[in-house]
Amino acid sequence: MNPMLNIGVRAARAAGRVITKHMGRLDSLRIEKKGHNDFASEVDREAEAEIVETLLKAYPDHGVMAEESGQLGNADSEYQWIVDPLDGTMNYLHGYPHFSVSIALYEKGRPYQAVVYDPVRQELFTGGKGEGAYLDGKRVRVSGAAKLSDALVGYTYPYKQGDDLTLPLATLKALTENTSGVRREGSAALDLAYIAAGRLDGAWMHGLKQWDFAAGALLVREAGGLVNDYQGGDSWMQSGNLIAASPKVHHGLLQTYASVQREHSE
Ligand code: IPD
Ligand code: CA
Ligand code: CA
């Protein structure tokens, strides 16, 4: 395994131990409201501190962009780690056992190594640029689903008070009508890892932050999938609005969203 990925894995497992350790005392956690439906707990912060310490101890010259702390370490380094210590905080706080740790390493601004770790199932998804994607060390590929109608797809929309839901709900309706099923599980990083592992055939995702998708998007691409914005371009890295899927399902998702947009611009 790439030595940098190895350190990323060590950091993710350390964060996972923090997360599971506190699962029996969810009622007494200190929770901070960052915005509407947006929370961080002491567990997010403790897990993040564990990750940052592991990464910067091994690589003191690297930079780290972490969800709860912002930019740390050397912001000018060609190596930048992108960290979400707990993706799926809402699930976690409710005791709904579906969340993950997401750690990506960018090299010269490009995704280089990726880890998504599920501390409940103890499943480790890893990948490296040009090296493929792996689940617990075994190579994974996106699903071979040939048609959108056979696909199980994820849908992620972070609702904020006052949001106009017309287009997102029209998209959800179209996905419900045109696929085998839609899942809204609450951990975008894990959705992407599941696409890489062929458990989901694709996903429509809106309003993600870089730490939500940095690791998962590399896993999807390394597993033979596609990640694009809603027009098939690359603006998703800035906007966080993306379609990720196996190639045939990706095409179907782009077409479905285009028809939703057409209907709503008439
Ligand atoms: C959230 C999850 C969720 C997505 C939200 C994210 P958090 O991350 O990934 O699936 O819909 O947009 O903010 O806040 O639990 O780290
Ligand atoms: Ca997140
Ligand atoms: Ca988080």
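The table below lists the values:
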{"read-out": "Unique match (being out of contact with any Pro (no Cβ under 6 Å at 6 or more places or on another chain) and modelled with pLDDT under 90) among Arg45, Arg17, Arg10, Arg30", "value": "Arg30"}
{"read-out": "Test: residue in the range 84-98 that is assigned by TED's automatic domain parsing to the domain that holds Ala15 and away from ligand 2 (no atom under 16 Å from the Cβ)", "value": "yes"}
{"read-out": "Which listed residue is of a type in the set (Ser, Thr, Tyr), closer than 23 Å to Ser246 by Cβ and either in contact with a helix residue (DSSP H, G or I) (Cβ under 8 Å, 6 or more places away or on another chain) or more than 16 Å from ligand 3 (Cβ to nearest atom) (or both), from Tyr134, Tyr79, Tyr92", "value": "Tyr134"}
{"read-out": "Residue that is more than 20 Å from Ala189 (Cα to Cα) and either over 20 Å from the mean Cα position of the chain (by Cα) or open to solvent by 20 Å² or more (accessible area, probe 1.4 Å) (or both), where the choices are Ser77, Ser69", "value": "Ser77"}
{"read-out": "First in the range 45-61 and closer than 11 Å to Leu72 by Cβ, second anywhere and of a type in the set (Gly, Ala, Ser) and part of a helix (DSSP H, G or I), Cβ under 6 Å, 6 or more apart", "value": "Ile51/Ala11; Ile51/Ala15; Leu55/Ala11"}
{"read-out": "Of residues in the range 219-239 being aliphatic (A, V, I, L, M) and open to solvent by less than 30 Å² (accessible area, probe 1.4 Å), the one farthest from Ala133 (Cα to Cα)", "value": "Val227"}
{"read-out": "Leading residue by the ranking (surrounded by the fewest Cβ atoms within 10 Å (Cβ to Cβ)) among those in the range 133-179 that are in contact (Cβ under 8 Å) with a residue 24 or more places away in the chain and of a type in the set (Val, Ile, Thr)", "value": "Thr166"}
{"read-out": "Of residues in the range 93-103 being touching a Phe, Trp or Tyr at 6+ places or on another chain (Cβ under 7 Å) and at pLDDT 95 or above, the one surrounded by the fewest Cβ atoms within 10 Å (Cβ to Cβ)", "value": "Phe99"}
{"read-out": "Residue within the range 58-77 that is in a helix (DSSP H, G or I) and farther than 23 Å from Ala197 by Cβ present", "value": "yes"}
{"read-out": "Qualifying position, being at positive phi and crowded, with 17+ Cβ neighbours inside 10 Å, among Gly16, Gly88", "value": "Gly88"}
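Quick grid of which residues meet (1) in the same structural domain as Ile243 (by TED's automatic domain parsing); (2) open to solvent by less than 20 Å² (accessible area, probe 1.4 Å); (3) more than 8 Å from ligand 1 (Cβ to nearest atom):
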| site | (1), (2), (3) |
| --- | --- |
| Gly186 | yes, no, no |
| Asp191 | yes, yes, no |
| Met205 | yes, yes, no |
| Gln210 | yes, no, yes |
| Ala215 | yes, yes, yes |
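Quick grid of which residues meet (1) farther than 28 Å from Asp136 by Cβ; (2) modelled with pLDDT of 95 or more; (3) more than 16 Å from ligand 2 (Cβ to nearest atom); (4) not in a strand (DSSP E or B):
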residue: Gln161; (1), (2), (3), (4): yes, no, yes, yes
residue: Asp164; (1), (2), (3), (4): yes, no, yes, yes
residue: Leu190; (1), (2), (3), (4): no, yes, no, yes
residue: Ala215; (1), (2), (3), (4): no, yes, no, yes
residue: Gln231; (1), (2), (3), (4): yes, no, yes, yes
residue: Val249; (1), (2), (3), (4): no, yes, yes, yes
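The values are calculated or read from the model by the stated rules, or taken from the named source; none is laboratory data. All values reported here derive from a predicted model rather than from experimental measurement. Ideal geometry is used to build each Cβ from the backbone, glycine not excepted, and the neighbour counts take in all protein chains shown. Just the protein is used for accessible areas: all its heavy atoms, side chains included, with ligands, DNA and RNA removed. Shrake-Rupley method; radii C 1.70, N 1.55, O 1.52, S 1.80 Å.
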